[in-house]
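Take a look at the structure set out below.
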Amino acid sequence: MSISTTPGSPASPPALAAALTKAYLRLMPLLFLCYVIAYVDRTNVGIAKLTMAKDMPAFTNDVIGFGAGIFFLGYFLLEIPGSIIVERWSARKWICRIMVTWGICAALTAFVTTPLQFYAVRFLLGLAEAGFFPGIIVYLTHWFPAKERARALSIFLVASPIAMIIGPALSRLLLPIGTEALVDGVAVVQPRWAGLSGWQLIYIAWGIPAVIIGFLVLELMPDRPRDATWLTAAEAQALEDQLAADAHRQKAAHMPVWQALTNRRVLLLAAAYFGIVTANYGIEFFLPSILEKTYNLKLEQVTWLVMLPSVLVMAGQIFVGWNSDRTGERRWHASLPVFVGAAALVAAALVRGNLPLTVACFVVAAAGMKAYMPAFWALPNLFLASTAAAGSVGLINSIGNLGGFLGPTLLGFVEKRTGSFTIGLLITALTATLSACLIASLPFAQPVRGDGENDARA
């Protein structure tokens, strides 16, 4: 169909509402599923290591932490090109490529036997997945107007806490395979499956679905409203007109990519994201080990406890996305949850001997380190649009996710040398606090309110 997108042209409210409803129902479940699998594939090493290290003693916390983090070095290299490819070429084709290659790399992790092999496959996994997250953020701007964007982001981002539940739940079933445990004083050996241990099956079980869903993306995810056969001509026109009107209101919409990448606010957002991601991934990769070591828990107990933070994370992300869109306010919705999460992380580092209180602290910490995201990722589009926004999202995500290298590496390094995770947790709490202060202090002029009008608040 041929669609004109004259900025500022009036959109038919019924047609626009119908188009958005269809977009939510058709696109968000698929994007949600993609992110669940992506998140499990990048973080399941935190659970797999509980028996992986027993099969291969060389895989200490130091090795696991560095290997978990090196993923983000590969991720860093292709983030910006991947984001721009989504904007200028095709989201569905690029995301299909990403999912197929990352699924293969994720499954290959099952066959590593040395730390060097582990580092190599994690680096390749990062290269394979690079561009996925910022690509989706950019893709959502092709479908959801400014007044809907944080809400759509919150639906997408809730996939990460769901992944934090589903991943350990599946791991709980697979992890004991090939291990030996004492039952009533008798050593019971769980036989291997096809010669594979449980930790190997975890990597394979999550790698294969990524490949399959990658091809579904190619078939089911149209790049823009004009390409969707399930929208009527009037619905597609109304949605494209609204998106064009949003872009027209943004004064910096046509900033060159190079200028966007050197924009002070973009660089400061990248620095803030770096500090938060450092804390978040430090928690995610080592929470199972922290609970197991501190309280001498069994595998099944650990896998159940690490699911608990996800409940509050989901509630927090949904609330922040909804309330940020309702009020039109982004900055404090992005910074306040991080302040709360950092305080809880300090408390978690200092609490010892009380398992319920420790778990409660980590639940609040995890929620704070994720609930901010719907409002945070709406910030770049307050002053950028089009390719400039795509490049800036890629830059923020690539620099910020280097914190995913620092967090696990730092906690593993500190634990090996001090025998405790306490100092590492306090350092990550500090990085998150500094990031929250940075976001709260950033100037954002005239963000778009939930009703589509400009507002001086940020």
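The numbers here are math on the coordinates, done by the rules we state, and not lab data. Bear in mind the structure is a predicted one, so any value in this text is a computation, not a measurement. Cβ coordinates were reconstructed from backbone atoms using ideal geometry, including for glycine residues, and neighbour counts include every protein chain displayed.
Across segment 52-68, computed HN-Hα scalar couplings (Karplus, 6.51 cos²θ - 1.76 cosθ + 1.60, θ = phi - 60°) run 4, 5, 6, 6, 10, x, 5, 8, 6, 4, 5, 5, 4, x, 5, x, 4 Hz from first to last residue, x flagging Gly and Pro. The overall shape of the chain, judged from the alpha-carbon gyration tensor, is prolate: a/c is not under 1.5, and a/b is greater than b/c.
Cβ crowding within 10 Å, taken as a proxy for footprinting-reagent exposure, orders Tyr119, Tyr372, Tyr139 from fewest neighbours to most as Tyr119, Tyr139, Tyr372. What the Cβ-Cβ distance of Leu267 and Arg352 gives, at R0 = 56 Å and to the nearest 0.05, is a FRET efficiency of 0.90. The label point for Thr232 and the one for Gln259, both projected 7 Å from the Cα toward the Cβ, are 4.1 nm apart. For segment 118-130, 3J(HN,Hα) computed residue by residue from phi via the Karplus equation (6.51, -1.76, 1.60; θ = phi - 60°) reads 4, 4, 5, 6, 5, 5, 5, 4, x, 4, 5, 8, 3 Hz, glycine and proline entered as x.
Take every Cα pair under 8 Å whose residues are at least 6 apart in sequence, average their separation, divide by the length of segment 13-441, and the relative contact order is 27 percent.
Put a dot 7 Å past the Cα of Leu442, heading toward its Cβ, do the same for Arg88, and the two dots end up 2.4 nm apart.
Note on the chain: with charges restricted to the Cβ of Lys and Arg (+1) and Asp and Glu (-1), its dipole about the Cα centre is near 440 debye. For Pro176, what is the net charge nearby, where nearby means another residue's Cβ is under 14 Å from its Cβ and Lys, Arg count +1, Asp, Glu -1? Overall, the nearby charge balance is +1. Hand me the chymotrypsin sites (Phe, Trp or Tyr not before Pro) from segment 76-110 located in a DSSP loop with no more than 12 other Cβ atoms within 10 Å, in residue order please. Sparse-neighbourhood loop chymotrypsin sites (Phe, Trp or Tyr not before Pro): Trp89. Between Leu30 and Arg192, the contour length at 0.36 nm per residue exceeds the Cα-Cα span by 55.0 nm. Is the shape of segment 123-211 rounded, prolate or oblate, going by the alpha carbon gyration tensor and its root eigenvalues a ≥ b ≥ c, with a/c under 1.5 for rounded and a/b larger than b/c for prolate? Since a/c reaches 1.5 and a/b is larger than b/c, the shape of segment 123-211 is classed as prolate.
Taking 0.36 nm per residue of separation and subtracting the Cα-Cα distance, full extension of the segment from Lys416 to Asp55 would add 128.1 nm.
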